[in-house]
1. Averaged per residue, what accessible area in Å² does the range 243-285 show with a 1.4 Å probe, protein chains only?
2. Hey, can you rank 156-165, 355-364 by average C-beta count inside 10 Å, highest first?
3. Please work out how much accessible surface His586 shows to a 1.4 Å probe, ignoring ligands, DNA and RNA, in Å² rounded to 10.
4. What does the extension gain come out to for Ala555 and Arg214, with contour length at 0.36 nm per residue minus their alpha carbon separation?
5. How high is the relative contact order of the range 224-318, in percent, with contacts defined as C-alpha pairs under 8 Å that are six or more residues apart?
6. Once ligands and nucleic acids are excluded and a 1.4 Å probe is used, how much of Ser600 is accessible, expressed in Å² to the nearest 10?
7. List the relative contact order of the range 29-124 as a percent without decimals, with contacts defined as Cα pairs under 8 Å and 6+ residues apart.
8. Please list Arg698, Arg212 from largest to smallest accessible area, probe radius 1.4 Å, with all protein chains kept in place.
Amino acid sequence: MGTSVQVTPLCGVYNENPLSYLVSIDGFNFLIDCGWNDHFDPSLLQPLSRIASTVDAVLLSHSDTLHLGALPYAMKQFGLSAPVYATEPVFRLGLLTMYDHYLSRKQVSEFDLFTLDDIDSAFQNVTRLTYSQNCHLSGKGEGIVIAPHVAGHLLGGTVWKITKDGEDVIYAVDFNHRKERHLNGTVLESFVRPAVLITDAYNALSNQPSRRQRDQEFIDAILNTLRGNGNVLLPVDTAGRILELLLILEQYWEQHHLTYPIFFLTHVSSSTVDYVKSFLEWMSDSIAKSFEHTRDNAFLLKHVTLLINKTELENIPEGPKIVLASMASLEVGFSHDIFVEWAADSRNLVLFTERGQFGSRARILQSDPPPKAVKVTLSKRVPLVGEELAAYEEEQEKIKKEEALKASLVKEEESNSKAVVGTDVSKSDPMIIDGHAQADVVGEAYRDVLIDGFVPPSSVAPMFPFYDDTSEWDDFGEVINPDDYVIKDEDMDMGSMAVGGDVDGKLDEGTASLMLDTTPSKVVSSELTVQVKCCLVYMDFEGRSDGRSMKSILAHVAPLKLVLVHGSAEATEHLKQHCLKHVCPHVYAPQIEETIDVTSDLCAYKVQLSEKLMSNVLFKKLGDYEIAWIDSEVEKTENGSISSLLPLSTTPHTPPPHKSVLVGDLKMADFKQFLAGKGVQVEFAGGALRCGEYVTLRKVGDASQKGGAAAIQQIVIEGPLCDEYYKIREYLYSQFYSL
């Protein structure tokens, strides 16, 4: 049997809830993604709570809350302590995303599911990898290799490839094949016939217009509103798709010399852009080349002003403006407050660039037709004054006294235990002349105790306050632990991120002061009904492949087994039926906490190549690999150890040598150019390649068989046996490797 693989969804199947899946490979448990929604609903995490202690490693694919939002809570409440793996942008931008969510919640509620310290603690466990970097696991995961690959969608977005014994398990959700302004397309199509592919059905029913058409409609909607003296609000995420929107606006404003102000408003906007400036190598080829040739950083924003609090926006002079504000769900954050203020003005535009999370206010407003009025709760944090402040200070003083009393009791108990230990040690200590001489402390005076056999009370110290030294010693002196004197890079990183802002890990001063603000305060709330008279528009800037592209990519990848997750029930069933007909016969769509076994049906065996065999093998270079054909026999072992392959012994029953095998994949268009370079007249005619006057080449067979089976294709060469025929055949053979 092949590598054992089981998949158990914990959240995010047959719906659009956050993503979280348990993938077990030969008993090693991967938690792939650890998402939460903007409501931070603990009930969604119940399946995760039941298996958190069994997780051996966590893989994060994207930097938004749907993929990593529950990580701090799971580590704090569920005992999740496994190492976490992610790309550098997912680590950095995910951290800022969680900061922004916490600060937005804390401003309007007594949010206590996790703290900033919990966020820092969770992200300290992250091991950062670069694209295509193979990470070999050790211990229980010996033999497993993980590697992140380009997914598109968000900066640092990852398609995870997990390899064990030559079999690949691919996790690819929220990928995008399209090349965008700041991101390259996914490399998912480069994987062919993996043992298992886990992907989502989120966009299976949607079709997208061309990028040029979409961008033009986006700009037109904004400019029409601005020219009508209205304001434009774009509810956005903290550090994900906002980057593409910023570049679209920045480049258009620069090209057309527009002066309408643009504001990017989140609690961490300055830090977000500072980080992104240093991530150019993770972006599209065009951005990297532009910086390489002109040293022009695409995110040196000239037309976008970064704001970290709403007061700065209120101080801006009246007039048409664009505000990109978090959160995209309109549940909390600056976007929620601005929507309440602007919704009643028919001149204004609220432009949604992604589907709102299920049950969110954004999703309600995106319905057709949209509601004419919505109920909202306005909350804000105000300082305590008067009697409330006095009562708060009195309570805090009481708490401090209780803590001080507890600390003194603990300290006294520790000193008492050390005193008793010191008494025992003194009897055998040659440095103490009289083992019976004791000193009892009364205030600051000491009185000698010379009574033979007297057992001092617990508060008595021998001669003077003495504490036992439990240090270890060797021939060279006291044994020290070097780790006690080393400040880990991660600790330095996280420590610096809490206080101040640069690309090396600091936050801007405004955000830092907000985090460190300890002014006594309370939350004041009021409910009101907002009349929605502004224009509401939804345009798809999510950066995901649409249904037609997904089906094409899946057919090309042709996995042996396919697991579908994350998508509405309708979309999941639609994609499942399509894949059963056109991709592979083994398609699964499990329910929450339903474990499915997707172990490969291939029979794989481990064998050892003997030195005698390898000494006679001739390797040939094929791309990045070296290949060879071996004819051998298996040496049987009695103790069950790994079998060895030996050269064939010469006997009357030895099979004849194998026939020559041509290895390679010939593209007819490339071969056409090759022949043209050799001076051969060549052209395509009727689906065949006509070479010279008499010879014709054509491919026959199915290029993409159902089930991901090897494509059986043959190249047929037709024509009379003449010099031209043999010359073309020789050129054809030169395109392959003969084994």
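The values are calculated or read from the model by the stated rules, or taken from the named source; none is laboratory data. None of the values given here were measured: they were computed from a predicted structure. For neighbour counting, all protein chains shown are included, and Cβ atoms are generated from backbone atoms with ideal geometry for every residue, glycine included. With ligands, DNA and RNA removed, areas are computed over all heavy atoms of the protein, side chains included. Shrake-Rupley method; radii C 1.70, N 1.55, O 1.52, S 1.80 Å.
1. On a per-residue basis, the range 243-285 sits at 31 Å².
2. Values: 156-165: 24.5, 355-364: 18.6.
Highest to lowest by the protection proxy: 156-165, 355-364.
3. Spelled out: His586, probe radius 1.4 Å, area about 70 Å².
4. Values: separation 341, 0.36 × 341 = 122.76 nm, distance 2.69 nm.
Result: 120.1 nm gained on full extension.
5. On the way: 67 pairs, mean separation 32.6, N = 95.
The value is 34 percent.
6. In the full protein context, Ser600 sits at about 10 Å².
7. Values: 126 pairs, mean separation 28.2, N = 96.
Computed value for the range 29-124: 29 percent relative contact order.
8. On the way: Arg698 75, Arg212 205 Å².
Correct descending sequence by accessible area is Arg212, Arg698.
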